[in-house]
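One structure below.
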Amino acid sequence: MTSYIPPIDKPQAIYTLSVKRFDPERDSAPHWETYQVPWVVTMTVVEALEWLWDQGHYIAFRTNCREFTCGSCAMLINGKPALACDTPLKDRMRIEPLTRYPLVKDLVVDQSAVPKKWKELKLWPHVRDGKPIDEVSAESRAGWHRSFARCIECYICLDACPVSDTEDSEYDGPMWMLQIARARAHPKDGQDRLEQAAQRGIGACTTCYECEGVCPVNLSPIKEIQRLRSGLVRQRLVGRRPARPEGTRLGQRRKQ
Ligand code: FES
């Protein structure tokens, strides 16, 4: 690995960093190892890992953009899911892999289930009414981008959620609800996303806001979950109501 960190000629301190390590070819279970890392004020956790790699401590981890946009460096830092490139290095930090996916090696987890779930949920827009995409107004396009397109799919919110993907829960979790809401808001989507959210266990969300607290791009899964839930209630209630007589509008009293 080529280190992207600036040379640390004059460290301002030496910090201790604990990393949970696991090599499937050598270890029967993960274990903690402790390292001494030179610290300068701009240093992030990902840079500390790169520095260790350059010293011959080949800790497996993922990184790519180093600017909080690709989501690949997500891990547990002091017990909380976070991006390593977005977290300043502090003394006595403890770093572990995310918990919701099978462990591969050290800080790397197997996320191959993600593309499978995209396929299963059909999270691409399905044509609703044949309207050409270039007729979608700039305003609705901008709104869609503002609300949804910023999700970097780091899966941090899934790790933070206390009810998703646990043994007794059928709730897929905040990121998937956000993706369902995104697909629903797409001007060309014609799937019943409200029923899909219900089938994926949206009712189990406790609105504890843990997912929002950790989102590195400040998205609001809870706001979308609440919108999906109220849309679902409206859809189910309206579905049970007898059809309105022709020529009447909601709130308009029928003439006797
Ligand atoms: S390396 Fe891309 S988000 Fe951290």
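The values are calculated or read from the model by the stated rules, or taken from the named source; none is laboratory data. Nothing here was measured: the structure is a model prediction, and the numbers come from that model. Neighbour counts run over all protein chains shown; Cβ positions are idealised from the backbone, glycine included. Heads up: the accessible areas ignore ligands, DNA and RNA and are worked out on the full protein's heavy atoms, side chains in. Shrake-Rupley method; radii C 1.70, N 1.55, O 1.52, S 1.80 Å.
Looking across the stretch 29-57 at every residue that is in a loop (DSSP other than H, G, I, E, B) and of a type in the set (Val, Ile, Thr), the one that is nearest to the chain's Cα centre (by Cα) is identified as 42.
Would you check if residue 26 is within 14 Å of the ligand (Cβ to nearest atom), basic (Lys, Arg) and outside any strand (DSSP E or B)?
Details: within 14 Å of the ligand (Cβ to nearest atom): no; basic (Lys, Arg): yes; outside any strand (DSSP E or B): yes.
So residue 26 fails the test.
Checking the stretch 66-80 against the condition returns a match, with at least one residue being open to solvent by 70 Å² or more (accessible area, probe 1.4 Å) and acidic (Asp, Glu).
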